[in-house]
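K.L.:
Encoded as structure tokens, here's the structure I'll be asking about.
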Amino acid sequence: MIFNIEAFTHKGAVREANQDVILVHDKVQNDGTYSNIIEGATRSFVADGVGGHPFGDIAAGLLLRELNEKFVINENPEREKLSGICHQINQQIIRFGEDHPQYEGMATTLSGIIFYDNCYRVVNAGDSRVLLLRNQKLRNLTHDQVLAAEIPNSPITSYFGGTMNALDLLISSGKDLIMDADIFLVSSDGIFKALTCSQIEKILSNSKSLHEKADFIFYKAIQNGASDNISCIFIEVNQNQNNA
């Protein structure tokens with residue numbers, strides 16, 4: 001399986017700093033763009049520092065660096081082991097805050113997808129999202145873990161850090177097969193404050209290259225005011241490397 005991957009993470013048009021961090025394959029970054037073609041197993045994650053908590057970017061970076069180190073790319077993402085690694089990292093984040101009082105209370109969301117053996121597994125805690133565009137229709141593979149979904153900026157109910165009982169990690173069954181031309185999207189919630197799902201669906205469904213689609217989504221988000229940090233990872237499935 002071949003994956004054409006484009007990504008960006010940016011502070012947006014209003015915020016002074018970026019509290020988003022992305023992990024694409026084996027690279028962790030909190031600014032700029034990413035572009036690559038990956039053959040075989042891979043993974044992509046977005047961690048979004050929780051608003052209202054200090055040093056969310058520190059929590060997000062710590063989470064993804066530890067996840068990158070502890071979870072091997074080619075390893076089968078067995079549910080119990082993946083959950084155990086995530087809960088272990090959650091404890092590390094909390095202990096780091098206890099050992100460094102200036103960081104106490106820092107927290108972050110996590111959303112991501114792992115590809116293996118022509119299947120995928122989705123991981124989610126918080127209100128970042130994983131979506132799939134198939135046959136020009138965009139659908140959510142996660143749901144926002146928030147207090148009241150109908151209220152904008154509703155407090156999240158699951159996250160890494162903060163307290164030991166704050167993490168309610170959701171891991172998909174991983175039974176869905178990957179199809180040629182699928183486009184997966186892993187995104188922080190900021191992009192959906194600037195663009196609607198129907199707008200994103202329309203852009204991803206056009207005939208332009210994935211690089212051009214990603215660039216245009218970034219441009220439109222900034223043009224629309226991007227009041228929050230914006231991070232998106234786009235993963236396009238291509239069975240034929242010559243067309244990637």
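K.L.:
I want to confirm something. Restricting to region 75-91 and keeping residues that are surrounded by 15 or more Cβ atoms within 10 Å (Cβ to Cβ) and among the polar types (S, T, N, Q), which single residue is farthest from residue 48 (Cα to Cα)?
P.N.:
Across region 75-91, the extreme among qualifying residues is 83.
K.L.:
Hey, residue 72 hits all of (1) buried (at least 19 other Cβ atoms within 10 Å of the Cβ); (2) over 30 Å from residue 205 (Cβ atoms); (3) among the β-branched types (Val, Ile, Thr) but one; which does it fall short on?
P.N.:
Status for residue 72: all satisfied but (1).
K.L.:
From the list 233, 222, 151, 191, pick out the single residue that is in contact with a helix residue (DSSP H, G or I) (Cβ under 7 Å, 6 or more places away or on another chain) and either among the hydrophobic types (A, V, I, L, M, F, W, C) or modelled with pLDDT under 95 (or both).
P.N.:
Just one listed residue meets the conditions, 191.
K.L.:
Right, here's the next one. Six or more apart or on different chains, Cβ under 7 Å: which pairs go from a residue in region 142-167 that's assigned to a strand (DSSP E or B) to one that's surrounded by 10 or more Cβ atoms within 10 Å (Cβ to Cβ) and of a type in the set (D, E, K, R)? Could you list them?
P.N.:
Filtered contacts from region 142-167: 146/127; 156/127.
K.L.:
Which of the residues spanning region 122-141 are in a strand (DSSP E or B), within 17 Å of the chain's Cα centre (by Cα) and of a type outside the set (A, V, I, L, M)?
P.N.:
Passing the criteria: 124, 129, 139, 140.
K.L.:
Are there any pairs with C-beta distances below 9 angstrom linking a residue in region 185-206 that is under 14 Å from residue 133 (Cα atoms) and in a strand (DSSP E or B) to a residue that is of a type in the set (Lys, Arg) and modelled with pLDDT of 95 or more, with the two at least 6 apart or on different chains, and if so which?
P.N.:
What qualifies is 185/129; 186/129; 187/129.
K.L.:
Still on this structure, I have one more. Mind counting the residues in region 101-112 that are surrounded by fewer than 22 Cβ atoms within 10 Å (Cβ to Cβ) and part of a loop (DSSP other than H, G, I, E, B)?
P.N.:
The qualifying residues number 2.
K.L.:
Checking residue 216 against (1) outside any helix (DSSP H, G or I); (2) out of contact with any Cys (no Cβ under 9 Å at 6 or more places or on another chain): exactly one of these is not met. Which one?
P.N.:
Every listed condition holds for residue 216 apart from (1).
The values are calculated or read from the model by the stated rules, or taken from the named source; none is laboratory data. Model, not experiment: these values are computed from the prediction. Counting neighbours? That spans all protein chains shown, and the Cβs are built from the backbone with ideal geometry, glycine included.
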